[in-house]
Each structure stands twice: as structure tokens, then as C-alpha cells.
Amino acid sequence: MDFLSNFLMDFVGQLQSPTLAFLIGGMVIAALGTQLVIPEAISTIIVFMLLTKIGLTGGIAIRNSNLTEMILPMVFSVILGILIVFIARFTLAKLPNVKTVDALATGGLFGAVSGSTMAAALTTLEESKISYEAWAGALYPFMDIPALVTAIVVANIYLNKQKRKSAGASIEESFSKQPVAAGDYTDQPDYPRTRQEYLSQQEPEDNRVKIWPIIQESLQGPALSAMLLGLALGIFTKPESVYESFYSPFFRGLLSILMLIMGMEAWSRLGELRKVAQWYVVYSLIAPIVHGFIAFGLGMVAHYTTGFSLGGVVVLAVIAASSSDISGPPTLRAGIPSANPSAYIGSSTAIGTPIAIGVCIPLFIGLAQTLGAG
């Protein structure tokens, strides 16, 4: 009962907080057909400032922390990013009318991290007066990059196998239809007489998936670039003065505007989900909660073994529950061009992000408070 009451109180609090209120407000005005348009340049600047602030916070904390405390949460972040992709591969991809490459792209996006959701979680933790490691935000790239790389690599391996199967089937079919009369082809020594001979004459294709370009593209994405820049500045310089006078005071206000933008986009993406299998809706409703619980369990292992705070466990759970809304989509578009963006972006933006912010944040904060009180 303590957990249920904590969850309900936090959920009601979330509805009243600027974070979720602006998200819902954006969806409502979009549903009513608003003509409000916030320029993309403003959204880009807001994202840059929010993630730079989170990076600065993490960098300053890392500079003043014991690095050994970070190892286990970082390892768990990498494991989670990879695991979430394979969960999609063996659940969503097996459902009717769901293409494997679309499922892998969706898993990659849900394994990657939403900077805005993480910012909302950090703000809510502060409002709830729950302490967490300031470097917890630095777990972002350790989950984000492995998820995107895994999704793209596994999808391309799958596509290459399908291509080879298709080529092999077409060759077998062509041979089965050839006339068998003696002397028809003996005067054409260049014509292949067996499947192996045919394959040996083909130009060798380089079907290997190159991992470094995927990592490079992820690192160069706007979200991770801002995050890593702040992280590096926080570690190697002393930006405390600009941090306290500029980035910290504007954080909550900028986050509320970003939530409004995301709410409007979430509503617009709902239409895209109608074009694909309804199973994406089911997956988007369930996956954030499942991923978050797995991460919460791993976070508790770190809590009992290394003293990782319960607030840090919540951060780990929320970033696992989140789905990338900034850097992930363009990376997946380039890495898996055959995947349907309506499936994976629609699932993430229209349903996954609202569930992560509106349900998972109060859910895991309530669970942490219950465990802390116990």
C-alpha cells in the first residue's frame, strides 16, 4: 500500500508539475488544431542548453568523485542498451505484420536515451528532494551508443542474410527451369553449370557492417555532442561561475518549453502509427515500463554492492524507460534506411515518451521512496 500511495501521490504531483503539464498541454492544443509553430531553431537551442547543463553537472561531479563508484552503473547502462534491442528482436519482431528491420529500429530507439526525459527525471527528483549522484546524467552515452550500434549491426546482418537467401533461391529456381537436353550448353564454357560455379563468378560484395561510422555518427549527433561537450568542460575546466549564473537558473523554464514542443509533436505522430501494425502501440505502452523495471533491478544491485543511491537507481531506470527523440532517429534513418520511420519514430514520440515521463518517472520515484522508507 505504501508503494501504491507513493505512486498515486507522485502521479498527481506530476500532473501538476510543469514537466508533464506542458507535455499534456502541447498534445491538447495540437489536438484542437492550434496554429502555434515553434521554430525548429529554438528547439535546437533549448536542447543544446539543457544537455550542456546536464553534461556540465556530470563533468563537475566526475572531477570531484571516486571513479570506481561509476564503473558498475556504466557497465549496467551498456548491458541495458544492448539488451533492449534484443528484447525487441525476440518479442516485437515475432508479432503479426511487424517487419524485423522495423522492430530492430524501434528497439534501437527505445534502447537509446531521451535527453528531455532524463532532464525531466532529474528535475522531478530535485523537486521530490531525493538525492542522486550528480554524475548520473553521464550514464546517457553508455546506454545510447550501444543501443544504436546494436540495432544497426543486427539489422544489417539480418538484411544481408535475407539477401543471400533470396539470391540462392533465385539461382536454384533458374537452374530448375533450364532444359536438360544434352549438348545445349556444352559449347558455352563461360556459362555456369552449378550453383557453386555461379557464385564463384560473382563480384564479391563487402557485406560487413562497419561499426565505427555508426559510433562516429552517434557522437556527432546534436544531443550527444552537447552532452559530451558539457561533460568534457566540466571535467577539464572550471565552469562553475557560468553554470550557476546562466545554465542552472534557466533549466526548468527551458525544459517546460521543450515539453510543450514534444507534446505537439507527439500528437502529430499519432497519425503515423495508424499506418503501421497496431502491435507498435501495445509495445510502446508496455516496453518503457518493462525496460525501466529491468534497469531498476540492476540499479538495486549497484545500490547494495557499491552504494549507488536510490535516486541514481531512478535515473538509470528512467533513461532505460526513455526512447531517443533527438539523436536516435537520424542515426537510424542513415543506418537502417529500409526501416519505416513511421513505425519507430511514431512509437517513440507519440506513445513511448509520454509513458516514460508521465508513468515511469512517478512509478520509479514511488518505488524508490517505498524502499528507502523500508
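The values are calculated or read from the model by the stated rules, or taken from the named source; none is laboratory data. Quick caveat: nothing in here was measured; it's all calculated off a predicted structure. No Cβ is skipped: glycine too gets one built from the backbone with ideal geometry, and neighbour counts run over all protein chains shown. Keep in mind that these areas ignore ligands, DNA and RNA; they rest on the heavy atoms of the full protein, side chains included. Shrake-Rupley method; radii C 1.70, N 1.55, O 1.52, S 1.80 Å.
Just one of the listed residues (TYR132, TYR158, TYR140) is crowded, with 24+ Cβ neighbours inside 10 Å and among the aromatic types (Phe, Trp, Tyr), and it is TYR140.
In the stretch 107-125, the residues that are among the hydrophobic types (A, V, I, L, M, F, W, C) form Cβ pairs under 7 Å with partners that are assigned to a loop (DSSP other than H, G, I, E, B) and open to solvent by less than 10 Å² (accessible area, probe 1.4 Å), at six or more places apart or across chains, as follows: LEU109/SER323; LEU109/SER324; PHE110/SER323; ALA112/SER323; ALA112/SER324; VAL113/SER322; VAL113/SER324; MET118/SER322. Within the stretch 246-300, restricting attention to residues that are among the aliphatic types (A, V, I, L, M), modelled with pLDDT of 95 or more and more than 17 Å from the chain's Cα centre (by Cα), the residue that is nearest to ILE84 (Cα to Cα) is LEU298.
Checking each residue in the stretch 236-250 for being crowded, with 19+ Cβ neighbours inside 10 Å and either closer than 18 Å to GLU40 by Cβ or out of contact with any Ser or Thr (no Cβ under 7 Å at 6 or more places or on another chain) (or both) picks out only TYR243. Among the residues here, PRO141 qualifies as under 12 Å from the mean Cα position of the chain (by Cα) and either in a helix (DSSP H, G or I) or farther than 20 Å from ILE289 by Cα (or both).
Cβ separations smaller than 6 Å between residues 6+ apart or across chains give the following pairs from the stretch 143-168 residues that are within 14 Å of PHE110 (Cβ to Cβ) and touching a residue at least 12 places away in the same chain (Cβ under 8 Å) to residues that are open to solvent by 40 Å² or more (accessible area, probe 1.4 Å) and part of a helix (DSSP H, G or I): PRO146/VAL78; PRO146/ILE82; THR150/ILE82.
Residue by residue, here is whether (1) of a type in the set (Val, Ile, Thr); (2) within 17 Å of the chain's Cα centre (by Cα); (3) surrounded by 15 or more Cβ atoms within 10 Å (Cβ to Cβ) holds:
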| residue | (1), (2), (3) |
| --- | --- |
| LEU20 | no, no, yes |
| ALA61 | no, no, yes |
| THR68 | yes, no, no |
| LEU95 | no, no, no |
| VAL98 | yes, no, yes |
| ALA103 | no, yes, yes |
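ILE38 satisfies every condition listed in (1) more than 27 Å from GLN278 (Cβ to Cβ); (2) in a helix (DSSP H, G or I); (3) touching a Leu at 6+ places or on another chain (Cβ under 9 Å) except (2). Taking the criterion of being at pLDDT below 90 and either exposed (fewer than 12 other Cβ atoms within 10 Å of the Cβ) or assigned to a loop (DSSP other than H, G, I, E, B) (or both), would at least one residue in the stretch 222-230 satisfy it? Taking every residue of the stretch 222-230 in turn, none turns out to be at pLDDT below 90 and either exposed (fewer than 12 other Cβ atoms within 10 Å of the Cβ) or assigned to a loop (DSSP other than H, G, I, E, B) (or both). For the stretch 342-374, the tally of residues that are closer than 30 Å to LYS275 by Cα and either aromatic (Phe, Trp, Tyr) or without any contact (Cβ under 8 Å) to a residue 40 or more places away in the chain (or both) stands at 1. Residue pairs whose Cβ atoms lie under 7 Å apart, sitting 6 or more positions apart in sequence or on different chains, and linking a residue in the stretch 221-249 that is touching a residue at least 60 places away in the same chain (Cβ under 8 Å) to a partner that is outside any helix (DSSP H, G or I), are GLY221/SER327; PRO222/ILE326; PRO222/SER327; ALA223/ILE326; ALA223/SER327; LEU224/SER327; LEU233/PRO239. THR44: closer than 24 Å to CYS360 by Cβ, among the polar types (S, T, N, Q) and open to solvent by 20 Å² or more (accessible area, probe 1.4 Å), yes or no? So THR44 fails the test.
The set of residues in the stretch 329-359 that are in a helix (DSSP H, G or I), more than 15 Å from the chain's Cα centre (by Cα) and farther than 21 Å from LEU224 by Cβ comprises SER342, GLY358, VAL359. Looking only at residues of the stretch 1-28 that are assigned to a helix (DSSP H, G or I) and of a type in the set (S, T, N, Q), we find that the one that is modelled with the lowest pLDDT is GLN14.
Of all residues in the stretch 293-308, those that are closer than 16 Å to GLN369 by Cβ and open to solvent by 20 Å² or more (accessible area, probe 1.4 Å) have Cβ atoms under 9 Å from Cβ atoms of residues that are of a type in the set (Phe, Trp, Tyr) and assigned to a loop (DSSP other than H, G, I, E, B), 6 or more apart or on another chain, in MET300/PHE308.
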